[in-house]
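For reference, the structure is listed below as structure tokens.
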Amino acid sequence: MASLMPSLLLRYRLWFIAGFQACLIVCSLITSWLLRFDFSLPYRRILLTSGLLLLVVRLITLRLFNLNHGWWHLASVSDAINILKAVAVGSVAFFAVNRYLFGVVAFPRSIYFLEAVLTACFLAGARLGSRVLVESVRRDSSRSKRVIVVGAGFAAQMVIRELARPNSGYAAVGCVDDDRSKIGVHIQGVPVLGTIDEIEFLVEDSPAEEILIAIPSASGKQMRRITDACQKAKLPFKTVPTLSDIIRGEARINQFREVRLEDLLGRETVQIDLETVRNQIAARTIIVTGAAGSIGSELCRQILDYGPSRLICLDQSETGLFLLRLELDAHQNGTQVVFRVADVIDGERVRSLLSEFKPEIIFHAAAYKHVPLMESNVQEAVKNNVLGLLSLLGLADEAGCKNFVLISSDKAVNPSNIMGATKRACELILSSRPRNGMRCVSVRFGNVLGSNGSVVPVLTQQLHNHEPLTVTHPEIKRFFMTTREAVALVLQAFVIGKHGDILVLDMGEQVKIVDLARTLIRLSGQAERDVEIRFTGLREGEKLSEELFYQHEEVIPTSCEKIKRTKGPRRDWPELCLQLEELRASMSVDGAAPVRAKMKEIVPEYSLQSVNSSQTCDDSLAGQRFRAVAGND
């Protein structure tokens with residue numbers, strides 16, 4: 001019985017709408033008759049018979065032009081145009097049938113025109129009145145959250161229309177836009193009150209509880225300016241999804257969300273050649289090492305979009321793989337997805353897996369990455385990152401793998417820590433190793449927003465716990481990009497890379513960590529003056545800024561604007577192999593010093609000084625507490 005209720009309600013609603021529109025048509029006919037005959041009703045027989053025909057014709061044409069849906073409070077210009085079309089078609093049909101088919105020549109010709117005009121006015125007026133009534137009720141509704149919409153373009157129109165829907169929970173009280181010519185204009189009945197910079201003062205005259213940013217194509221600079229204005233107005237704010245998310249179909253314009261850090265960084269949407277990537281990945285067997293990590297898991301997600309025949313997710317973290325499996329099980333798209341717990345330095349285990357699956361492509365994302373931690377675990381960093389790679393390369397070659405992609409780091413350039421030195425050694429191994437049937441490519445890029453253990457999650461957790469935000473140095477800065485962007489470019493680099501290439505992703509400009517901290521404070525809805533930022537001094541092995549290229553490297557453009565190819569002197573492979581064997585032997589000697597010394601031979605640019613004195617914070621600065629104040633950016 002309950003299942004019949006919606007259909008019954010819909011049926012009765014349609015009958016009500018048809019009946020109401022029939023009344024409007026009858027009223028327009030009678031009114032036009034009264035106007036034509038000086039407010040009298042002569043020739044009532046003709047009026048009745050022709051009126052019935054007119055009513056049938058009008059209702060049919062209204063249905064043909066989809067004007068019986070009933071959502072009149074959402075009426076727009078397109079509905080008005082459809083009314084004009086329906087009335088015009090109906091009038092022509094009525095005239096032809098009534099005069100020539102039924103031969104009613106006594107029906108006044110002026111009534112054909114006058115009735116059509118009145119019918120169009122009545123139908124449009126009913127919709128306009130319904131919209132005005134609903135919007136006035138919504139504005140007065142205490143249950144709806146009053147909001148100001150930032151933007152007065154096409155996206156804002158769509159947002160305001162969505163807000164006008166029943167039970168949306170919002171009521172737009174005004175818009176703001178930098179185009180002053182729009183001030184005073186009404187968008188879907190909502191007035192443009194002023195510019196973005198005037199929000200702080202506009203909310204005094206038009207009280208609001210929240211601000212919705214309806215500019216999906218806004219750059220990072222624009223978003224920072226808008227959020228600053230929202231902060232000054234002391235109102236919470238949300239935004240519509242980005243244009244790229246809407247285009248990909250991952251979000252709709254009415255799915256408001258919190259402003260994210262990547263919105264304020266404002267990196268352009270990556271444009272990659274989807275077909276070339278698909279051609280290289282589709283119907284192939286692929287292994288991703290470090291699959292449970294930030295980069296590895298995103299690699300698995302994006303690789304699945306290109307339809308490989310089999311994807312093997314390999315990681316030593318059992319919990320990480322379990323969580324990844326829960327996510328990927330719903331997005332396999334016909335691909336056989338396999339999850340294996342294994343450590344890349346366990347040669348026998350890896351050999352068994354490669355023999356079982358015979359991969360054609362390996363994406364090697366497994367590595368230790370935390371700089372200060374690796375400084376006190378030098379042997380483990382070398383064993384996992386360097387010797388693990390050597391073992392995996394040899395076993396992959398044995399198994400007949402055709403393509404090998406290494407995930408490198410900007411810390412490999414002029415490294416001041418053991419982690420960066422190991423990454424540089426890995427780059428040298430892949431660039432110097434003879435092909436032997438397997439194409440090897442390294443991809444170098446900087447920090448990924450929100451990766452496990454990185455600065456953003458740490459600062460976010462400190463904010464959540466109401467703790468001071470710890471930043472090592474006021475001038476420290478890093479390259480940042482989103483995980484999605486980094487992986488998309490890795491896949492493109494995999495396609496265009498030649499054997500031995502070191503491909504570098506365009507990271508844009510470096511961002512100061514202290515500015516990042518202040519941005520996170522604003523996004524949390526707090527004032528900068530209320531959150532403490534504490535500078536703790538550079539940690540062991542840490543640099544003030546990173547680099548993407550060596551001075552001796554020639555930077556060569558590729559077919560992808562955001563990917564550069566580096567060209568530098570190649571190492572002699574037999575000599576490098578000898579040094580690597582000596583490195584392996586140094587692991588058995590007590591202490592990290594012999595390992596560091598051997599890494600220095602392999603990577604001459606590696607600085608053995610833990611921290612350069614010129615980079616450290618002054619004693620008066622280290623440990624001192626600073627407060628972030630507004631205007632310090």
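The values are calculated or read from the model by the stated rules, or taken from the named source; none is laboratory data. Given the structure is predicted, the values throughout are model-derived calculations rather than measurements. FYI the Cβ positions are ideal-geometry reconstructions off the backbone, even for glycines, and counts take in every protein chain you see. When the accessible area is computed, the model is the full protein with side chains, heavy atoms only, and any ligands, DNA or RNA have been set aside. Shrake-Rupley method; radii C 1.70, N 1.55, O 1.52, S 1.80 Å.
Annotations
- Compared with the dominant principal axis of the Cα atoms in the chain, helix 154-163 is inclined by about 70°.
- Whole-percent carbon and sulfur share, accessible surface of the chain, 1.4 Å: 56 percent
- Note on LYS234: lysines with a C-alpha under 26 Å away, same-chain residues under 8 apart excluded, are LYS145, LYS182, LYS221, LYS512.
- For ARG146, distant residues with modelled amide H under 5 Å away: ALA171, GLU209
- Descending semi-axes in whole angstrom, ellipsoid equivalent of the stretch 265-373, from the Cα gyration tensor: 22, 19, 14
- The chain - mean residue ellipticity at 222 nm from DSSP helices (-39,500 (n - 2.57) per run, n ≥ 4, rounded to 500): -14000 deg cm²/dmol
- Only Lys, Arg (+1) and Asp, Glu (-1) charged, at Cβ; the stretch 11-124 dipole about Cα centre in debye: 260 debye
- Rounded to the nearest 0.05, the FRET efficiency derived from the C-beta distance between ASP273 and LEU326 at R0 = 25 Å is 0.20.
- The C-alpha atoms of the chain define a longest principal axis, and helix 4-36 lies at about 40 degrees to it.
- Electrostatic tally near ILE183: other residues with Cβ closer than 12 Å to its Cβ, Lys and Arg +1, Asp and Glu -1, net -2.
- For the stretch 327-444, the Cβ-based charge dipole about the Cα centre amounts to some 420 debye (Lys, Arg positive; Asp, Glu negative; other atoms uncharged).
- Under 29 Å from LYS600, Cα to Cα: lysines that are on another chain or at least 8 residues apart: LYS369, LYS383, LYS411, LYS423, LYS477, LYS498, LYS543, LYS564, LYS567
- Normalising the average separation of contacting C-alpha pairs (under 8 angstrom, six or more residues apart) by the number of residues puts the relative contact order of the chain at 9 percent.
- Selection among PRO216, THR227, GLY125 by position relative to the dipole of the chain gives GLY125 as farthest towards the positive end (Cβ unit charges, Cα centre).
- Extension reserve of the ASP179-PHE20 stretch, reckoned as 0.36 nm per residue once the Cα distance is removed: 53.0 nm
- Segments 347-353, 213-219 sorted - mean Cβ within 10 Å per residue, highest first: 213-219, 347-353
- On the principal axes of its alpha-carbon atoms, the chain has extents of 116, 59, 51 Å, going from largest to smallest.
- DSSP assigns beta bridges within the chain; of those with both partners inside it, close to 25 percent run antiparallel.
- For LEU538, residues with placed amide H under 5 Å, excluding near neighbours: CYS617
- The stretch 302-426: relative contact order in percent, alpha carbon pairs under 8 Å with at least 6 residues between: 24 percent
- Size of electric dipole in the chain: Cβ of Lys, Arg +1 and of Asp, Glu -1, about Cα centre, debye, nearest 20: 2840 debye
- Sum of side-chain charges, VAL92 neighbourhood, beta-carbon under 15 Å (Lys, Arg +1; Asp, Glu -1): +3
- Convex hull volume per residue in cubic angstrom - Cα atoms of the stretch 82-127: 56 Å³
- A 1.4 Å probe run over the protein chains yields, for the chain, 48 Å² of accessible area per residue, whole-number rounding.
- Relative to the longest principal axis of the Cα atoms of the chain, the long axis of helix 77-95 lies at roughly 40 degrees.
- Ordering of 533-540, 319-326, 567-574 by packing [mean C-beta count within 10 Å, highest first]: 533-540, 319-326, 567-574
- Ranked by how many other beta carbons lie within 10 Å on average, peptides 418-430, 302-314 from highest: 418-430, 302-314
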